[in-house]
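The values are calculated or read from the model by the stated rules, or taken from the named source; none is laboratory data. Small disclaimer: the values here were computed from a predicted structure and weren't measured. Methodologically, a virtual Cβ is constructed for each residue, glycine included, from the backbone with ideal geometry; neighbour enumeration extends over all protein chains shown.
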Amino acid sequence: MTKHKFTVTAARGMLPLLAKELAGMGIKELKQEQGNIRFTGGLEEAYRVCLWSRIAIRVLMPIAHFSATTTDELYQGIHDLPWEDHVDAEGSTIAVDFNSFRSKIHHSQYGAQRVKDGIVDRFREQTGERPSVDLHQPDLRINVYLKHNQAIVSIDLSGESLHKRGYRVQTTPAPLKEHLAAAILMTAEWPRLAKQGWGLIDPMCGSGTFLIEAAMIAADIAPGILRDYFGFLYWKQHDKEAWQRLKADAERRRHSGLARLPVISGGDADVKSVQAAKANIAEIGLSEWIQVEQRDLLDWPSQAKVLPTSGMMVCNPPYGERMGNLEELHHLYESLGNIISESFPAWRTTLITDNESLGKFTGLTLFDSVPFDNGPIACKVLCYRAPRPVSDRTERVDQSVQQSEIMPQHQNAQPVILSEHAEMFANRLKKNLKHLGKWARKNNIECYRLYDADLPDYAVAIDLYGDYVHVQEYAPPKSIDPEKAVQRLNDVMQVIPQVLELPVSHIALKLRQKQRGTQQYEAQGSQKQRITITESDLKFWVNLTDYLDTGLFLDHRLTRQMITEQSAGKDFLNLFAYTGSATVYAAAGQAKSTTTVDMSNTYLQWAQDNMVLNGFTGKQHQYIRANCLEWLQAAHQEPQRYGLIFLDPPTFSNSSRMEGVFDIQRDHVALINMSVDLLSDEGILLFSTNRRDFKIDIDTLSNLTINDISNITLPKDFERNPKIHYCWAISK
């Protein structure tokens, strides 16, 4: 990869946020200077900043540095650069930005003119042709910064200010710029709070900037995803493949992130502002998720019962300098404070104002004050604590219940014209729904796999969980055109709500890749938006958004039923227990006792929640947090033996909580032997793995009775994928 030097600019006060943002993108070689941050990397990293930075204004790539004390030196230095490597002479357009700091050339317009002349004259001398000037969206924008008579010449990869997201189709008086709204939200810790499922309201939303930026942050939507113009798109050295990959990845992340979007709502007393907000929200494609209504400020307490327990109110109140009467504004701030204290006591408040003293009228407790400029006005962002925050444990429980209750019940999307390929996919989905739906209803099955890459072009798995849909896109091979893969994914997300007649808010999308170790169990978010589903008359908590897997492996439906049939009167052991669904089935089968072992506190608590949900409590049900390998070794010292053991380990594990790396193919013999040693005389071990190329070592395990039950544990909805898991019944 060829490395280049890049300069990223930002507004006053935003450089620390920008540095954190760039580091989060994996950019390591950062150097913060006055007004900008410099880094070294490849073009793909620079493109990523253009697409994903919510804070940056421009991304520049310096190509030359020379002395210019006179306009003639400036002209000659520009004339000598190989502009033919960057843009064609005929049919192309350019624009020049020129700025000067403590230099002899201080007239920016004349400096820009001389730079343009140097470029144009070079082309005329070489070809007789010249590019024309387009100040709006040129093929190549050149940035020249003259500092202490030293000229830094850069290609402007952003092309125009990155705060222009492309969704502002209507505006209102004194609108907040997009990058400022994002910076305020990031300062107020909204990215972290959104992952926890906190709600957000803006009671004076204007054209909806806060609402849109908050939703884009929470749903992991690239701020530049809607833009059709960047400065690198027509640049001769543009890396098209890298850009296609980034856009495809951003589109996948958008689809996936929308499933995790918390409640976001806004309003304004002004009808025209509400209309503008709705138009802008529609332009970015978030009308299904962001609610905006005409509402007076004092009417917001009536909404408290339908909003989450915890959240953040954010707004840009009128300034005395620009809007409103300064003498009357203290009543507005007092009202804001009263609304929060009385109706939203567990909500934080974030305001931007040009008069920090007005914040005292809220009566709220300030925990942070950060200076930002809103255009020419020096302002402060005021962040206030929640008057009465809920505890973490209470909030976790409340949110899991509330989110399922208050999730917006949007109208089904209106039918749209589908492409020929999308029609084929829709027809296959309808066929599967008719066939498998009838089977599921007959067998009282609420959760099942509806589609599993039946058509090669649509490589997704679609699982139904009651009225919700869990979609997993299998990672496309590198040989597949990224744009084609994303178009197929768009087809999928367009067809599913139409065929299944469900709101798009009930569809969760994830990218399925080969996982190592505990990756399949690691959090993708942390909203804890759980729903309950029913399987075999038992209830389970599932989470469709926060983890790669949902908490219930549907392919083990028959295996779990087998556990119920064989567990009566037996001591049951569940190793690598995950969310304890097998334990629930054993308890339902009248097991004498159950022991659930897993390394994760999160999943042990989930397992216990599942047991409680079904009324299985008592000392006979134990939950042990331990490395299963270490626990098995220590368990041989105890007299406890088990009549039924379920062993479904991960394919690999390199958890920080265990030494070395576990590999099921390499280590299964030792694992099986240690488990069998804990069986009672007539006991049975059910061993399963989902490693596709797994081969059980029958010869080494010849002292055991091993029956392959893979076929009889394969449910009807997984018949297309017989390698979904392997399963054996093993006894001494």
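Filtering region 61-78 for residues that are within 24 Å of LEU185 (Cα to Cα) and surrounded by 15 or more Cβ atoms within 10 Å (Cβ to Cβ) leaves an empty set.
So that you can scan it fast, the table gives a plain yes or no per residue for (1) farther than 30 Å from ALA11 by Cα; (2) out of contact with any Pro (no Cβ under 9 Å at 6 or more places or on another chain):
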{"position": "GLN294", "(1), (2)": "yes, yes"}
{"position": "MET313", "(1), (2)": "no, no"}
{"position": "PRO318", "(1), (2)": "no, yes"}
{"position": "LEU329", "(1), (2)": "no, no"}
{"position": "SER335", "(1), (2)": "yes, yes"}
{"position": "PHE344", "(1), (2)": "yes, no"}
{"position": "THR350", "(1), (2)": "no, yes"}
{"position": "LEU366", "(1), (2)": "no, yes"}
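Of all residues in region 253-287, exactly one satisfies the criterion of being under 17 Å from ARG168 (Cα atoms), surrounded by fewer than 24 Cβ atoms within 10 Å (Cβ to Cβ) and of a type in the set (Ser, Thr, Tyr), namely SER287. The residue pairs whose first member lies in region 613-639 and is in contact (Cβ under 8 Å) with a residue 40 or more places away in the chain and in a helix (DSSP H, G or I), whose second member is of a type outside the set (A, V, I, L, M, F, W, C) and surrounded by 17 or more Cβ atoms within 10 Å (Cβ to Cβ), and whose beta carbons are closer than 6 Å, counting only pairs six or more residues apart or on different chains, do not exist in this structure. For region 684-701, the condition of being farther than 30 Å from ASN443 by Cα, out of contact with any Phe, Trp or Tyr (no Cβ under 9 Å at 6 or more places or on another chain), β-branched (Val, Ile, Thr) and surrounded by fewer than 21 Cβ atoms within 10 Å (Cβ to Cβ) holds for at least one residue.
When the residues of region 181-203 are filtered to those that are part of a loop (DSSP other than H, G, I, E, B) and surrounded by 20 or more Cβ atoms within 10 Å (Cβ to Cβ), the one that is nearest to the chain's Cα centre (by Cα) is GLY197. Here TRP235 meets each of (1) in a loop (DSSP other than H, G, I, E, B); (2) of a type in the set (A, V, I, L, M, F, W, C); (3) outside the structural domain of THR353 (by TED's automatic domain parsing); (4) in contact with a helix residue (DSSP H, G or I) (Cβ under 9 Å, 6 or more places away or on another chain) with one exception, condition (4). Of the strands (runs of 3 or more DSSP E) lying entirely inside region 65-166, those containing at least 2 residues that are polar (S, T, N, Q) and modelled with pLDDT of 95 or more span 93-101, 150-156.
Here ASP117 passes the criteria (1) under 38 Å from the mean Cα position of the chain (by Cα); (2) over 29 Å from LEU22 (Cβ atoms) except the one numbered (1).
Residues are listed down the side, and each one gets a yes or a no for (1) farther than 26 Å from PHE652 by Cα; (2) β-branched (Val, Ile, Thr):
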position	(1), (2)
THR564	yes, yes
THR583	no, yes
LYS619	yes, no
TYR623	no, no
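Give the residue that is nearest to LEU450 (Cα to Cα), with candidates limited to residues of region 471-495 that are surrounded by fewer than 19 Cβ atoms within 10 Å (Cβ to Cβ) and of a type in the set (Lys, Arg). Top of the filtered list is LYS484.
A single member of VAL401, VAL381 is over 30 Å from ARG488 (Cα atoms), modelled with pLDDT of 90 or more and in the same structural domain as VAL292 (by TED's automatic domain parsing), and it is VAL381.
Looking for something over 25 Å from GLN529 (Cβ atoms), at pLDDT below 95, aromatic (Phe, Trp, Tyr) and crowded, with 19+ Cβ neighbours inside 10 Å - is there at least one such residue anywhere in region 301-323? Yes, region 301-323 contains at least one residue that is over 25 Å from GLN529 (Cβ atoms), at pLDDT below 95, aromatic (Phe, Trp, Tyr) and crowded, with 19+ Cβ neighbours inside 10 Å. Looking across region 345-370, the residues that are within 20 Å of PRO191 (Cα to Cα) and touching a residue at least 24 places away in the same chain (Cβ under 8 Å) come down to ALA346, TRP347, ARG348, THR349, THR350, LEU351, ILE352, ASP368, VAL370.
Candidates in region 498-511 are the residues that are more than 18 Å from ALA453 (Cα to Cα) and of a type outside the set (S, T, N, Q); of these, the one that is surrounded by the fewest Cβ atoms within 10 Å (Cβ to Cβ) is GLU501.
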